[in-house]
Amino acid sequence: MEQTVTFDLDLIQRYNKAGPRYTSYPTAVEFNENFTAESYQQQVDLSNQRGGPLSLYFHLPFCDTVCFYCACNKIITKNRQHAVPYLNNLHKEIALQAALFDSKRTVEQLHWGGGTPTFINHQQMRELMAVTRQHFTLADDNNGEFSIEIDPREADEKTIALLREIGFNRISLGVQDFNPFVQKAVNRIQSETETLAVVDAARANNFRSISLDLIYGLPHQTPRSFSQTLDKVIHGANPDRLSIFNYAHMPERFKVQRQMNKDELPTPEVKLEILHQSIDQLTSAGYVYIGMDHFAKPDDELAVAQHNGKLYRNFQGYSTRSECDLIGLGVTSIGRIADSYSQNQRTIDDYANSLKHNELAIYQGITLNADDKIRRAVITQLICHFTLDIRTIEEELNINFATYFADAYPQLDQFSRDGLICHDTNEIKVLASGQLLIRNICMAFDFYSQQKAKHLFSSVI
């Protein structure tokens with residue numbers, strides 16, 4: 001698979017502004033409380049009429065310690081007993097949700113995220129998966145994609161063996177950085193040895209895919225230090241996938257980030273150098289640049305899905321199985337059912353109160369209108385595949401593209417003059433220098449982004 005991404009510093013600096021990550025369209029900032037449990041039920045009915053497989057996302061919010069860079073929905077506690085009532089409510093929610101969906105629909109994709117999913121003990125893991133299997137029909141190991149996020153500080157060989165036993169076949173490890181000065185600054189002390197021990201255990205237990213997460217832009221990072229971490233990851237762990245996330249310093253929104261010394265963060269110029277070097281290092285090692293933060297080996301399902309035109313994005317990033325409707329389970333979880341997105345209650349107490357009354361824990365969401373669906377199709381195609389077949393879109397969506405998106409064409413023409421894209425009446429093609437700026441290109445088709453305050457989004461690079 002040919003690697004095409006290139007790095008144009010002048011263009012990146014000129015276009016580096018705040019914008020959505022497009023893990024959905026419309027984005028989560030458009031969700032509202034007018035979307036209720038009744039709205040959700042209507043979308044479930046529509047989903048059942050359409051049929052097709054399902055995907056389940058479970059949010060397990062607990063962490064033993066706080067990482068200062070973290071912007072996830074989490075609860076910091078050393079008291080493991082706090083998980084007990086939460087899991088009881090999660091079991092109840094599984095039953096409530098499963099009762100809504102046609103039992104003939106198979107779950108082809110399942111993911112435990114957090115927080116730290118391995119915060120719960122082994123018996124609780126067994127019970128959660130058993131309750132899931134009791135209420136939903138899960139695909140077999142050959143056809144299902146069942147993944148879990150792992151903190152190597154919260155897992156050992158026995159944990160990994162157990163996870164494989166109860167059905168997980170994909171694993172994602174948080175690393176961020178191996179440099180001890182960086183780790184101390186972000187309050188995440190995690191040795192290379194314990195991380196690679198989990199990777200080795202996953203391979204010994206025949207996990208089909210291993211993914212590692214890194215972050216650039218953290219305190220004390222330099223191009224040299226991050227290159228050393230990448231070298232250890234590539235040669236020591238040899239993961240199937242890598243996510244290299246851009247750290248967004250937004251202390252006004254995420255108070256825990258105030259624990260870091262802003263003066264120790266790398267400058268924007270240094271961050272760009274780290275990114276440039278990382279792309280070169282990974283592509284030289286044989287990884288395919290999927291888009292934005294993601295890299296994968298050419299034979300990984302993510303790269304294959306992109307090659308076959310079947311890649312899509314959800315709230316975990318790039319993903320396969322775009323045909324699955326996604327059910328979000330647990331506090332703050334987001335689902336995508338039929339023509340809607342919905343989010344569960346955002347606090348433990350509100351979540352518990354909903355389940356206490358045998359009610360769905362829906363807090364907010366949005367039902368997509370016709371315009372939303374058209375724009376989502378265009379944005380998804382561009383951000384996943386870097387190309388858009390205009391004639392196909394016109395036929396599928398019953399629009400005249402040039403007329404419908406007339407307001408976007410001045411921006412498209414500017415992108416074309418700057419060498420980010422080429423376009424004609426048949427196609428929009430993102431060029432090598434435009435791939436890193438795909439969020440900017442997608443924003444040209446976003447009805448909402450121009451109306452939103454910049455502080456709601458991170459910088460595109």
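The values are calculated or read from the model by the stated rules, or taken from the named source; none is laboratory data. Here the structure is a predicted model, which means the values were calculated and not measured. Counting neighbours? That spans all protein chains shown, and the Cβs are built from the backbone with ideal geometry, glycine included. All accessible areas refer to the heavy atoms of the entire protein, side chains included, with ligands and DNA or RNA removed. Shrake-Rupley method; radii C 1.70, N 1.55, O 1.52, S 1.80 Å.
Odds and ends about this structure:
- For segment 147-168, filtering for residues that are assigned to a loop (DSSP other than H, G, I, E, B), of a type in the set (A, V, I, L, M) and open to solvent by less than 10 Å² (accessible area, probe 1.4 Å) leaves 0.
- Listed conditions (1) surrounded by fewer than 16 Cβ atoms within 10 Å (Cβ to Cβ); (2) modelled with pLDDT under 95 are all met by N238, apart from (2).
- Any hit, segment 329-346, residues being open to solvent by 10 Å² or more (accessible area, probe 1.4 Å), under 24 Å from D424 (Cα atoms) and modelled with pLDDT of 95 or more: no
- Of note, D200 does not satisfy the criterion of being under 30 Å from E264 (Cβ atoms), modelled with pLDDT of 95 or more, open to solvent by 10 Å² or more (accessible area, probe 1.4 Å) and not in a loop (DSSP other than H, G, I, E, B).
Every residue, every condition in (1) in contact with a strand residue (DSSP E or B) (Cβ under 8 Å, 6 or more places away or on another chain); (2) among the basic types (K, R), yes or no:
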{"site": "A185", "(1), (2)": "no, no"}
{"site": "R188", "(1), (2)": "yes, yes"}
{"site": "T193", "(1), (2)": "no, no"}
{"site": "A197", "(1), (2)": "no, no"}
{"site": "D213", "(1), (2)": "yes, no"}
{"site": "M260", "(1), (2)": "no, no"}
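- The number of residues in segment 32-78 that are open to solvent by 60 Å² or more (accessible area, probe 1.4 Å) and either modelled with pLDDT of 95 or more or acidic (D, E) (or both) comes to 8.
- Being in contact with a strand residue (DSSP E or B) (Cβ under 8 Å, 6 or more places away or on another chain), in contact (Cβ under 8 Å) with a residue 60 or more places away in the chain and crowded, with 17+ Cβ neighbours inside 10 Å is true of F101.
- No other residue among L412, L437 is within 29 Å of G114 (Cα to Cα), open to solvent by less than 10 Å² (accessible area, probe 1.4 Å), among the aliphatic types (A, V, I, L, M) and assigned to a helix (DSSP H, G or I) apart from L437.
- Residue check for A83: surrounded by fewer than 15 Cβ atoms within 10 Å (Cβ to Cβ) and at pLDDT 95 or above: no
- In segment 215-233, the residues that are closer than 13 Å to A185 by Cβ and open to solvent by 30 Å² or more (accessible area, probe 1.4 Å) reach residues that are aliphatic (A, V, I, L, M) and at pLDDT 95 or above with C-beta atoms within less than 7 angstrom, at least six apart or across chains, in these pairs: H220/V182; H220/A185.
- Any pair with Cβ under 6 angstrom, 6 or more apart, that starts in segment 390-409 at a residue that is within 15 Å of F445 (Cβ to Cβ) and ends at one that is open to solvent by 50 Å² or more (accessible area, probe 1.4 Å) and assigned to a loop (DSSP other than H, G, I, E, B): I390/N426
- Residues in segment 118-146 that are outside any helix (DSSP H, G or I) and open to solvent by 20 Å² or more (accessible area, probe 1.4 Å): N121, T137, L138, D140, D141, N142, N143.
- Counting the residues of segment 276-298 that are in a loop (DSSP other than H, G, I, E, B), on the phi < 0 side of the Ramachandran plot and not hydroxyl-bearing (S, T, Y) gives 4.
- Listed by position, the strands (runs of 3 or more DSSP E) contained in segment 299-398 that have at least 1 residues being in contact with a strand residue (DSSP E or B) (Cβ under 9 Å, 6 or more places away or on another chain) and under 20 Å from L436 (Cα atoms) are 312-314, 317-319, 387-389.
- Flag: N16 matches the condition of being open to solvent by 50 Å² or more (accessible area, probe 1.4 Å) and either at pLDDT below 95 or under 19 Å from M250 (Cβ atoms) (or both).
- Any hit, segment 72-80, residues being under 30 Å from Y216 (Cβ atoms), in contact (Cβ under 8 Å) with a residue 40 or more places away in the chain and in a helix (DSSP H, G or I): no
- When residues of segment 166-198 are limited to those that are β-branched (V, I, T) and under 21 Å from the mean Cα position of the chain (by Cα), the one farthest from Q123 (Cα to Cα): V175
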